[in-house]
1. Looking at segment 31-52, is at least one residue among the aromatic types (Phe, Trp, Tyr), touching a helix residue (DSSP H, G or I) at 6+ places or on another chain (Cβ under 6 Å) and either touching a residue at least 60 places away in the same chain (Cβ under 8 Å) or surrounded by 11 or more Cβ atoms within 10 Å (Cβ to Cβ) (or both)?
2. Is there any pair with a first residue in segment 2-21 that is under 16 Å from Arg50 (Cβ atoms) and a second that is exposed (fewer than 11 other Cβ atoms within 10 Å of the Cβ) and modelled with pLDDT of 80 or more whose Cβ atoms are under 8 Å apart and which are 6 or more apart or on different chains, and what are they?
Amino acid sequence: MALNGLGVVMGRKTLIQPLLDAGRLVALSENEAPSPFGYDLICPQENRSRPRFRAFSEWLAAECA
């Protein structure tokens with residue numbers, strides 16, 4: 001859904017890296033949730049500055065801290 005501009009995704013870096021490298025998705029934050037799998041929060045570039053995405057990213061970062 002995130003690839004279609006309909007949300008955010010938290011995924012394993014090894015699985016999403018090609019999408020990040022291609023610019024199809026971007027990281028909302030530099031923070032990473034502690035996990036043996038290294039999850040990242042990602043979304044399409046054009047959604048990154050939207051207030052609801054920023055609010056969710058900040059909330060999730062606080063929850064993972």
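The values are calculated or read from the model by the stated rules, or taken from the named source; none is laboratory data. Bear in mind that the values here come from a model prediction, so they are computed numbers and not experimental data. Cβ placement follows ideal geometry from the backbone for every residue including glycine, while neighbour counts extend to all protein chains displayed.
1. We begin by selecting, within segment 31-52, every residue among the aromatic types (Phe, Trp, Tyr); these are 37, 39.
With touching a helix residue (DSSP H, G or I) at 6+ places or on another chain (Cβ under 6 Å) added as a condition, the list becomes none.
No, segment 31-52 contains no residue that is among the aromatic types (Phe, Trp, Tyr), touching a helix residue (DSSP H, G or I) at 6+ places or on another chain (Cβ under 6 Å) and either touching a residue at least 60 places away in the same chain (Cβ under 8 Å) or surrounded by 11 or more Cβ atoms within 10 Å (Cβ to Cβ) (or both).
2. Between residues of segment 2-21 that are under 16 Å from Arg50 (Cβ atoms) and residues that are exposed (fewer than 11 other Cβ atoms within 10 Å of the Cβ) and modelled with pLDDT of 80 or more, the close pairs are Gly5/Glu46.
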